[in-house]
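Following: one structure in structure tokens, then a few remarks.
Computed from the coordinates by the stated procedures, all read-outs in this text should not be read as laboratory data. Here the structure is a predicted model, which means the values were calculated and not measured. Glycine gets a Cβ as well: all are built from the backbone with ideal geometry, and neighbour counts include every protein chain shown.
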Amino acid sequence: WDVVARATAGLAAGEFRLYYQPKVDMRRGEVIGVEALIRWQHPDKGLLTPGLFLPMIENSELALPLGQWVVREAVLQAAAWARQGLALPVSINVFGEQLQQEGFVDSLAAMLRDHPELRPEWIELEILETTAMEDIERVSGVIETCSRLGVSFALDDFGTGYSSLTYFRRLPTRILKIDQSFVRDMLTDPDDCAIVEAVVGMARTFGRKVIAEGVETVEHGVALLQLGCELAQGYGIARPMPADAVPDWIHHWR
Ligand code: G
Ligand code: G
Ligand code: MN
Ligand code: NA
């Protein structure tokens, strides 16, 4: 099927949804935020996860409009939570192409101005390590402008892009997300464990926060804590859920 054409119609018809996956501080036992993850509620095919459609859309003319929808939807949700008294940082995945847009920062700033109940510190943008390194000049510029607004960046899937330390040092991202492939096998594969340990060390050296994704079991959590990684996200903590399930989940966690 023609995914891009169908998704273009689906976007207009309101078929996309954002699910939210909690991120926690394992040591303090606190919820530190949620990551917004797109889903497509397809009328015939059911609820589709991004792996089934995003790769086709990413390099199409739909990438920008869909990416803009994601940012707007997530910011509106964060503002709605703020009005309910829930101060919950929301992480939003952005395509490299979105950051290339002249108006990206201005439109984000306008949304924040429209929602004074939402502190800019509660918005975090996630960008793939590989994307960030493709155009480091431009991306560091956008990161710096966003930082002045109060919005921070995380480097997603960190470790998969083989970034040189020189490049990494020039990217002012506040957070590193250790890719789930390393986390998944860290208990059985000494090399993956060493990579996790190295990324934690790098984060410490360069004054960045570090979070592990793909934390599926208690054993993973324990091993991460031993390596000094306190922040985690994964099915072992919670699966991505609809926005209206989030407040209850937070209330009952622990
Ligand atoms: O949920 P799933 O594991 O299928 O996600 C696959 C990939 O899709 C992940 O790498 C995730 O970062 C990406 N992704 C999920 N939601 C969004 C989104 O709203 N925007 C962008 N750009 N990427 C997303
Ligand atoms: O690349 P990114 O970090 O944005 O991808 C997040 C994706 O990983 C989401 O689509 C989410 O569904 C998936 N995910 C989150 N936690 C786990 C986990 O513990 N195990 C696995 N296999 N996938 C996970
Ligand atoms: Mn992500
Ligand atoms: Na990731």
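Which order do the peptides 112-119, 13-20 come out in when sorted by mean C-beta neighbours inside 10 angstrom, highest first? Kindly include the intermediate steps, with their values, before the conclusion.
Values: 112-119: 14.5, 13-20: 16.9.
Order by mean packing, descending: 13-20, 112-119.
For the chain, modelled as a GNM with alpha-carbon contacts under 10 angstrom, which of L64, L99, L48 fluctuates the most?
Of L64, L99, L48, the most mobile in the Gaussian network model is L48.
Among G214, G29, G234, which one shows the biggest mean-square fluctuation in a GNM of the chain, springs joining Cα atoms closer than 10 Å?
G29
Specify the inter-centroid distance of segment 20-41 and segment 160-230, based on alpha-carbon positions, in whole Å.
17
Skipping prolines and chain starts, which residues have an amide H placed within reach, meaning under 5 Å, of the one on S152, given they are 5 or more residues away or on another chain?
Under 5 Å from the amide H of S152 lie the amide H atoms of I123, L125, each far enough along the sequence or on another chain.
When a/c reaches 1.5 or more, the comparison of a/b and b/c decides; with that in mind, is the chain rounded, prolate or oblate per its Cα gyration tensor? List each step's numbers first, then the result.
Numbers: a/c = 1.35, a/b = 1.24, b/c = 1.09.
It is rounded, given that a/c, with a ≥ b ≥ c, falls under 1.5.
Which whole DSSP H helices in the chain pass both tests: a Cα extent of 27 Å or more along the axis and a mean Kyte-Doolittle value no lower than 0.0? Before the final figure, lay out each step's value.
Details: long enough: 63-83 (30 Å, 0.55).
Qualifying helices, which must be both long enough and hydrophobic enough, are 63-83.
Please report, in whole Å, how far the alpha carbons of segment 44-85 spread along each principal axis, starting with the longest.
Largest first, segment 44-85 extends 38, 24, 15 Å along its Cα principal axes.
Quote the Stokes-Einstein diffusion coefficient, in whole µm² s⁻¹, for segment 16-125, based on the Kirkwood radius over alpha carbon pairs, a temperature of 10 °C and a viscosity of 1.306 mPa s. Present the calculation step by step, with values, prior to reporting the outcome.
On the way: Rh = 15.0 Å.
Estimated diffusion coefficient is 106 µm²/s.
State the answer as a single residue: which of H42, V70, G10 lies farthest towards the positive end of the charge dipole of the chain, with beta carbon charges of +1 for Lys and Arg and -1 for Asp and Glu, about the Cα centre.
The residue sitting farthest along the positive end of the dipole is V70.
If each residue's Cβ is checked for other Cβ atoms within 10 Å, how do H220, H252 rank with the fewest at the top? Could you put the intermediate results ahead of the total?
Details: H220 20, H252 7.
Going from least to most buried by this count: H252, H220.
Dipole size in debye (nearest 20) for segment 3-252 around its Cα centre, Lys and Arg Cβ +1, Asp and Glu Cβ -1?
Values: 22 positive and 35 negative charges, 119 e Å.
I would put it at about 580 debye.
Would you order T205, T131 from fewest to most other beta-carbon atoms within 10 Å of each residue's own beta-carbon?
T205, T131
Can you give the % of DSSP beta bridges in the chain that are antiparallel, to the nearest 5? Could you put the intermediate results ahead of the total?
Values: 17 of 38 bridges.
Close to 45 percent.
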